[in-house]
Amino acid sequence: MVEGTDLYWTELRPAEGGRKVIMRRSGDGRTAEITPKAFNARTRVHEYGGGDFLIADRTVYFSNFADQRLYRVDPGTSPEPFSPPGPYLYADGLVDRRRRRIITVREDHAPGEQNAHNTLVAIPTGDGPTRVLVEGADFYSSPRLSPDGTRLAWLSWNHPNMPWDGTELWVAPVRGDGSLGDAVHVAGGPDESVFQPEWSPDGTLYFISDRTEWWNLYRWQEVERRTEAVAPMEAEFGRPQWVFRMSTYGFTGPRTIVCSFTSRGVWKLALLDVETRRLEVVDQPYTDLADITPAPGGVYFIGASPKEPSALVRLDLRTRRTEVIRASRRLTVGPGYLSVPEAIEFPTEGGLTAHAWSYSPRNPDFSGPRNERPPLIVISHGGPTSFSPGVLRFEIQYWTSRGFAVVDVNYGGSTGYGRSYRNRLRGQWGVVDVDDCVNAARHLAERKVVDGERLAIRGGSAGGYTTLCALAFRQLFRAGASYFGVSDLVAMHRDTHKFESQYDQTLIGPWPERMELYRERSPVHYADRISAPVIFFQGLEDKVVPPNQSEMMVDALRAKGIPVAYVAFEGEQHGFRRAETIKRTLEAELFFYSRIFGFTAAGSITPVPIENLR
């Protein structure tokens, strides 16, 4: 986020218990922490959060993880609670300076209510009550106030849709008393996903829509009440809205947009003249770009590449030079140790093809036995509506530096390849994703790139579900690792949080009419078909995939006599954030594979108890 010459961002600190810290870099290059160590700037709206803070005149407002209240911190002061107490969570706010208030998404977890109640509200920065501005839909995001403060735009959607399935873009006038007038539907619907509405400096509303297969840029001609594409192309300008305040474009002037888009898994940066429709691709070294934030004379973004870790980067739009403001971590090994991903497209079911990133083992200090192909780890990403970029990820390099080949599969249902590819998973979760992971492994084995007798599969969350399905319903893999994976779809439907509580109706089928199909796709009921050893990792405070999902599967495999290990972590939620947890899981998984595949793991690793292993 940029205000004047100041840049603000958040950093995840695994070494500090996984807390998020707000940072500021002033115009003279000095960097300072805004939130003290007692605070964790992280919202739990939708459980995945995002949009954790905002700035107005150097005052920072942020959501504190412990109590989920909004706090304000002025320069030189300590944070103080700002929002009223109650069972409320906040995200994705903006400052309405004219009316001295914050407009934000609010999630109300009233006691006794089964589901949270989502609204857009206005909270005065001084005295006064909170006002509900918009309600009635199941979900809201992206409130955006026009430059003159007279119109408010926002997104909404309803069950069973997720925001990448179908959202609606609305605009309403803001009355003198701060209430909203009659709202106008601008774009979107059950089968059109709208992403990131933004007002240009001259008051024109822009947004991203997939109405023609690809997430492309559009603008709304308010007088004529019509929309028009400003950069039609077979590429994706949008991302799946798992978290709030994602940004793939912004304005450097009334007629110029700096934007990012992806084609076949690679992101590019470009300048778009909205009058001439000329799109100029800007040469820069990063292949994954996120959080596009224009600033005077340049643009900030989070960039990553196959050979560089993700970093906060500034690009000077005049000289086209990049400057790393803050790297996520230092690169302490030479390029000879890095396995560079290769984009592969391979045949899968139904005469179709699917996509993946293939990594070869790489360590100049060691070589595998002569005439022996490496074992393969297949990675199934989470979501499942997400994607894996082909960039430097140390989690993958951990394996390739230890002699494993890795294939990171962007199975049917992944984003970045158009809506039709994304829709392949509709009604087919546990089928298409599994087929694509299996066929990726077979493709590499048939090419004699890997050892077809030493294949493992791993994944987290939805990727954990795909992992367990592959082990239960196919007989290809010799080992598996499930990180907080779904094992019982019926229990998941009843237990999970509001945001994803009807996601399964798109991925599997109507509930309860197709309850039997939910059972048929649940690996926990088919543990008797699993013959491969499995290790499970689980956060005990996970609200998205509760611990019972892993524990039911562990109990079933234990009873059958299959080698199984279970490693649980107090204080961890959905997705591990603590450094000691991340280190322990990787080492435990390596130890597990070493026992299953019969090799000695490098380094000193604390053993993991493996039941039923003889």
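Bear in mind these aren't lab numbers, they're just calculated from the coordinates by the rules spelled out. Model, not experiment: these values are computed from the prediction. Glycine also receives a Cβ, built like all others from the backbone with ideal geometry; neighbour counts cover every protein chain displayed.
Ignoring lysines fewer than eight residues from Lys448 along the same chain, none have Cα atoms less than 21 angstrom from its Cα.
With the cut-off at under 12 Å, measuring from each backbone N in the stretch 526-542 to a point 7 Å along the Cα-to-Cβ line of Phe597 picks out no residue. Could you give log10 I(q)/I(0) at q = 0.18 Å⁻¹ for the stretch 113-256, computed by the Debye formula over C-alpha point scatterers of equal weight, without solvent? Log10 of I(q)/I(0), two decimals: -1.10.
Each of the peptides 37-47, 476-486 was scored by the mean count of other Cβ atoms within 10 Å over its residues; in descending order, highest first, they stand as 476-486, 37-47.
What is the ratio of the Cα radius of gyration of the stretch 395-531 to 2.2 N^0.38 Å, where N is its residue count, to two decimals? Computed over Cα atoms of the stretch 395-531, the ratio equals 1.08. Note on His117, His443, His381: ascending count of other Cβ atoms within 10 Å places them as His117, His443, His381, the fewest first.
The gain in end-to-end length when the Lys307 to Glu228 segment is fully stretched comes to 24.6 nm, 0.36 nm per residue minus the alpha carbon separation.
Looking at the stretch 350-390, the chymotrypsin sites (Phe, Trp or Tyr not before Pro) that sit in a DSSP loop and have at most 14 other Cβ atoms within 10 Å of their own Cβ are Phe366.
Dividing the mean sequence gap of close Cα pairs (under 8 Å, 6+ apart) by how many residues the chain holds gives a relative contact order of 8 percent. Compactness check for the stretch 536-576: Cα Rg over 2.2 N^0.38 Å is 1.18. Using a cut-off of 22 Å between Cα atoms, the listed pairs Lys20/Lys307; Lys20/Lys583; Lys268/Lys307; Lys498/Lys543 include Lys20/Lys307 as exceeding that distance. Note that the stretch 403-409 has calculated 3J(HN,Hα) couplings of x, 8, 8, 9, 10, 9, 9 Hz, one per residue in order, obtained from phi through the Karplus relation 6.51 cos²θ - 1.76 cosθ + 1.60 (θ = phi - 60°); glycine and proline are x. Hydrodynamic radius of the stretch 65-142 by the Kirkwood approach over all distinct alpha-carbon pairs: 13.3 Å.
3J(HN,Hα) along the stretch 262-272, derived from phi through the Karplus expression 6.51 cos²θ - 1.76 cosθ + 1.60 where θ = phi - 60°, amounts to 10, 9, 6, x, 10, 8, 10, 10, 8, 10, 10 Hz, with x in place of Gly and Pro. Solvent-free Debye calculation, one equal scatterer per alpha-carbon of the stretch 335-597: log10 I(q)/I(0) at 0.08 Å⁻¹ equals -0.29.
Ordering Asp202, Asp436, Asp6, Asp288 from the fewest to the most neighbouring beta carbons within 10 Å gives Asp202, Asp6, Asp288, Asp436. For the stretch 1-87, the Kirkwood estimate of the hydrodynamic radius, built from every pair of different alpha carbons, is 13.3 Å. Sequence-distant contacts, meaning Cα pairs under 8 Å at least 6 residues apart, place the relative contact order of the stretch 244-307 at 29 percent.
PRE reach from Glu280 (point 7 Å along Cα→Cβ): which of the stretch 297-339 fall under 18 Å by backbone N? It comes to 297-300, 315-322, nothing else.
Going from the residue with the fewest nearby Cβ atoms within 10 Å to the one with the most, Phe195, Phe346 rank Phe346, Phe195.
Considering helices alone, the calculated mean residue ellipticity of the chain at 222 nm is -4000 deg cm²/dmol, with DSSP H runs of length four and up weighted by -39500 (n - 2.57) and normalised per residue. Using the Cβ-Cβ distance between Leu352 and Glu395 with R0 = 25 Å, the FRET efficiency computed as 1/(1 + (r/R0)^6) comes to roughly 0.30. How high is the relative contact order of the stretch 118-168, given as a whole-number percent (alpha carbon pairs under 8 Å, six or more residues apart)? It comes to 26 percent, rounded to a whole number.
For Val184 and Gln221, the FRET efficiency from 1/(1 + (r/R0)^6), where r spans their Cβ atoms and R0 equals 22 Å, is about 0.95.
When Rg and Dmax are taken over the Cα atoms of the stretch 312-452, they come to 17.4, 53 Å.
Of the three principal axes defined by the Cα atoms of the chain, the extents in descending order read 75, 57, 51 Å. Potential lengthening of the chain between Ala66 and Asp28 amounts to 10.3 nm, from the contour at 0.36 nm per residue minus the alpha-carbon distance.
Average projection, convex hull of the Cα set of the stretch 287-371: 9.5 square nanometres. Backbone geometry of the stretch 205-214 corresponds, through the Karplus equation with coefficients 6.51, -1.76 and 1.60 at θ = phi - 60°, to 3J(HN,Hα) couplings of 8, 10, 6, 10, 9, 9, 4, 10, 5, 10 Hz, x marking Gly and Pro.
In the distance distribution for the stretch 2-245, Cα-Cα pairs more than 26 Å apart total 41 percent.
With one equal scatterer per alpha carbon and no solvent term, the Debye-computed log10 I(q)/I(0) for the stretch 227-350 at 0.22 1/Å reads -1.38.
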